[in-house]
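Trainee: Below is a structure I'd like to ask you about.
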Amino acid sequence: MMKVAYFIGSLNRGGTEMLMLDICRKKGYAPFEMILVYRNDGELSEEFKATGVPIFRIKPKGLKIGYLGQLRKLLKQEQVDILHAQTLTNGVIAILVSLFTHIKIVVSFHGFFYSSLMVLFRHFIMWNVDAMVFVSQFVRDWYVKNSLGCPKAHCNVVYNGINFDKFQIQYEEPDIIRENRLRNPSSLQLVMVGNFVSGRSQMVICKSLEILKDKGIQNLDFYFVGKRVDNEANLYDDCVKYCSDNDLLDFVHFVGSRGDIPAILQYVDGFVYSTNDDTFGIAVVEAMVAGVPVIVNDWEVMKEITNDGEFATLFETRNEKDCALKIIELVENIEMYRLNAINKINRVKEMYSIENHINGLSIVYNNLKTN
């Protein structure tokens, strides 16, 4: 049986890390052995350890050449066949440590990279890696178009997967929702999940909520679930200030990063999401799987993962008026939206299960072993 080493930077909470955690939790399903190699501990460290997958921390100290030597030694000791890096930086490291070995290198492309250094890394990887994995067809096409001489034969689309087991549990209602529902039992509970980073646009939703307030539609509570990121703190601060300046904080709640997303999704009435350049949208898929009515902007990748709006309601990107209109339609027709969302769950599961993701990776890995 082949052995795959997944190579990530930290064990902090994020989309890539949650995907890796779900893969590790399904180690018994995977037709290959796996280990996890990382540099820095984080809030998910204990959860990774609980999966039973062997995990190894190698943290750079002093000369970076020493780090490469330690990593190379580990891969040899563990008899790794494939090293699968989850970032461009780790992809470059993976290529260097595998020189003159039998180890095949796979690199996943989870996002877009525009800096000169990242563009340099991208081209280096594309010509030295054995396979690339893109999280959507849109992302693959973008890289093929914008990367000179990209070897298309190495480009594979494997949709991110969700471990649906966590949505089969009956959770207690989270305090943040229960308190507001007790205060106003008829209030609809809406949510967006995502850290405040430049790839997302929570401000569009803030502006749409002001439009609802001006129209007298305030019988709802809206939760922004996501942390304030230090190097982009203005994105969070500007949203809070906008809501404060426009008297929205009575029903708009900034609740920070949460580890109970499945529980939250079980008790909300709708999920609203706005992006600038997401490359997949795990939070959107999780909401669809939970049977929550979803409203999301018509960014190309969102059209792709919602099957061109079959699984969700689309609004025009960066258009807060259209977003507000779609929220009003949801509020006025909530039972119809709920029924439609529930009816689509099985179709969503067919496309985005963690098992399907592992199957897709297995095809990529097996092709490397046979070539």
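Trainee: For the range 275-293: of the residues being more than 14 Å from the chain's Cα centre (by Cα) and among the small types (Gly, Ala, Ser), which is surrounded by the most Cβ atoms within 10 Å (Cβ to Cβ)?
Mentor: For the range 275-293, the residue satisfying everything is Ala290.
Trainee: Return the pair list, or none, for Cβ contacts closer than 8 Å from residues in the range 158-186 that are over 26 Å from Leu19 (Cβ atoms) and among the polar types (S, T, N, Q) to residues that are surrounded by 12 or more Cβ atoms within 10 Å (Cβ to Cβ) and at pLDDT 90 or above, at least 6 apart or on different chains.
Mentor: That search, which allows pairs on different chains as well, returns Asn180/Ser187; Asn180/Gln189; Asn180/Asp221; Asn180/His253; Asn184/Asn219; Asn184/Asp221; Ser186/Asn219.
Trainee: Hey, Glu173 hits all of (1) part of a loop (DSSP other than H, G, I, E, B); (2) touching a Lys or Arg at 6+ places or on another chain (Cβ under 9 Å); (3) buried (at least 20 other Cβ atoms within 10 Å of the Cβ) but one; which does it fall short on?
Mentor: (3)
Trainee: If the Cβ limit is 7 Å and pairs must be 6+ apart or interchain, which residue in the range 122-136 that is farther than 19 Å from Gly161 by Cα pairs with which residue that is of a type in the set (Lys, Arg) and buried (at least 19 other Cβ atoms within 10 Å of the Cβ)?
Mentor: If the second residue must be of a type in the set (Lys, Arg) and buried (at least 19 other Cβ atoms within 10 Å of the Cβ), the pairs left are Asp130/Lys104.
Trainee: Mind listing whichever residues of the range 15-51 are assigned to a loop (DSSP other than H, G, I, E, B) and among the hydroxyl-bearing types (Ser, Thr, Tyr)? Let's see the steps before the verdict.
Mentor: Start the filter on the range 15-51 by keeping residues that are assigned to a loop (DSSP other than H, G, I, E, B), which leaves 26-32, 39, 41-44, 51.
Those that are assigned to a loop (DSSP other than H, G, I, E, B) and among the hydroxyl-bearing types (Ser, Thr, Tyr): Tyr29, Thr51.
Trainee: Further question: If I filter the range 231-248 down to residues being touching a residue at least 40 places away in the same chain (Cβ under 8 Å) and either assigned to a helix (DSSP H, G or I) or small (Gly, Ala, Ser) (or both), which single residue comes out as nearest to Lys207 (Cα to Cα)?
Mentor: For the range 231-248, the residue satisfying everything is Cys239.
Trainee: Could you figure out which of (1) at pLDDT 95 or above; (2) over 19 Å from Leu11 (Cα atoms) isn't true of Ile65?
Mentor: (1)
Trainee: I'd like to know if the range 43-54 contains one or more residues that are among the charged types (D, E, K, R), buried (at least 16 other Cβ atoms within 10 Å of the Cβ) and free of Cβ contacts under 8 Å to residues at least 60 places away in the same chain.
Mentor: Checked against the condition, which is being among the charged types (D, E, K, R), buried (at least 16 other Cβ atoms within 10 Å of the Cβ) and free of Cβ contacts under 8 Å to residues at least 60 places away in the same chain, the range 43-54 yields at least one hit.
Trainee: Sticking with this structure for a sec: Could you list, in sequence order, all residues of the range 52-61 that are aliphatic (A, V, I, L, M) and either touching a Ser or Thr at 6+ places or on another chain (Cβ under 6 Å) or not in a loop (DSSP other than H, G, I, E, B) (or both)?
Mentor: Going through the range 52-61, the residues aliphatic (A, V, I, L, M) turn out to be 53, 55, 58.
Ile55 - this is the single residue of the range 52-61 that is aliphatic (A, V, I, L, M) and either touching a Ser or Thr at 6+ places or on another chain (Cβ under 6 Å) or not in a loop (DSSP other than H, G, I, E, B) (or both).
Trainee: A follow-up question, please. Which members of the range 318-338 meet the condition of being closer than 21 Å to Cys206 by Cβ, part of a helix (DSSP H, G or I) and touching a residue at least 60 places away in the same chain (Cβ under 8 Å)?
Mentor: Glu320, Lys321, Cys323, Ala324, Ile327, Ile328, Leu330, Val331
Trainee: Another question, if that's okay. Here are Glu335, Glu329: which of them is surrounded by fewer than 17 Cβ atoms within 10 Å (Cβ to Cβ) and in contact with a strand residue (DSSP E or B) (Cβ under 8 Å, 6 or more places away or on another chain)?
Mentor: Within the list Glu335, Glu329, the selection yields Glu329.
The values are calculated or read from the model by the stated rules, or taken from the named source; none is laboratory data. A quick note: this is a predicted structure, and the numbers were derived from the prediction, not measured. Reconstructed Cβ throughout: ideal geometry from the backbone, glycine too, with neighbour counts over all protein chains shown.
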